[in-house]
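Read the structure below first, then the notes.
Every number in this text was worked out from the coordinates using simple rules, so none of it is lab data. Note that the structure is a prediction, hence the values are computed from the model and not measured. Heads up, the Cβs are rebuilt from the backbone with ideal geometry, glycines too, and the neighbour counts pull from every protein chain shown.
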């Protein structure tokens, strides 16, 4: 074999090894974002499991506020369906966006429920309601941490996919679409500076 042929084979072998390395890195990062989404899924399911208990506890006090209870139940159902859809494809932009919208609607419905509950100090003082509220708050904090970890994994995946030379090989290796960040309704509110009035 001529030296030029050996050099060409060696160069081709190096190129193949490099492409394999890019593929492995992309696949690893995609699996990390899928795992990060699985952590969100665990916490959101926990949250969804707590909500029926909260509604059942409050039902006796809020008979005249059926719309509030129904709104929370419907928002929970929609969010659960969106979670299941997003869990099947954790990088899909539309499914992740829909989950964010439905989570925002659920947060809004829960906010209305909490406002209604404040009118019932006996209920708010009960041990069962206090425990449910504490568990729900703790779970919401875990959701926030899991969402941050997922968004970090998405960012790392997308950045690597768009960096040179991975940019040239990503689509060829089956990594065509960017993963989407999970943004809830509070994402936009957090970005706005609070307005302070001294009047």
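Descriptive notes on the structure:
- Using alpha-carbon coordinates, inclination of helix 93-117 to the longest axis of the chain, degrees: 20
- Between 88, 109, 36, the GNM of the chain built on Cα springs shorter than 10 angstrom shows 88 fluctuating the most.
- Calculated SAXS-style log₁₀ I(q)/I(0) at q = 0.10, 0.18, 0.19 Å⁻¹ - segment 3-184, Debye, Cα scatterers: -0.52, -1.08, -1.15
- Exposure proxy order (Cβ contacts within 10 Å, fewest to most) of 83, 50: 50, 83
- Exposure proxy ranking, count of Cβ atoms within 10 Å, fewest first, for 9, 154, 143: 9, 143, 154
- For the chain, adding -39500 (n - 2.57) for each run of n ≥ 4 DSSP H residues and dividing by the number of residues yields -27500 deg cm²/dmol at 222 nm.
- Simple spin-label estimate for residue 159 and residue 15 in nanometres, 7 Å along Cα-Cβ: 3.0
- Extension gain, residue 49 to residue 84, is 11.2 nm, computed as 0.36 nm per intervening residue step minus the present C-alpha separation.
- Relative contact order (%) - segment 3-184, alpha-carbon pairs under 8 angstrom, separation at least six: 36
- Per residue, the convex hull spanned by the Cα atoms of segment 1-84 amounts to 77 cubic angstrom.
- Rg/Rh ratio calculated on Cα atoms of segment 1-45 (Kirkwood radius): 1.47
- Helix 66-88 and the longest principal axis of the C-alpha atoms of the chain enclose an angle of approximately 10°.
- Computed from Cα positions, the angle between helix 3-59 and the longest principal axis of the chain comes to roughly 10 degrees.
- Of the peptides 174-180, 2-8, the order by per-residue mean of other Cβ atoms within 10 Å, starting with the highest, comes out as 174-180, 2-8.
- Cα-based shape type of segment 100-153, given that a ≥ b ≥ c are square roots of the gyration tensor eigenvalues and the cut on a/c is 1.5: oblate
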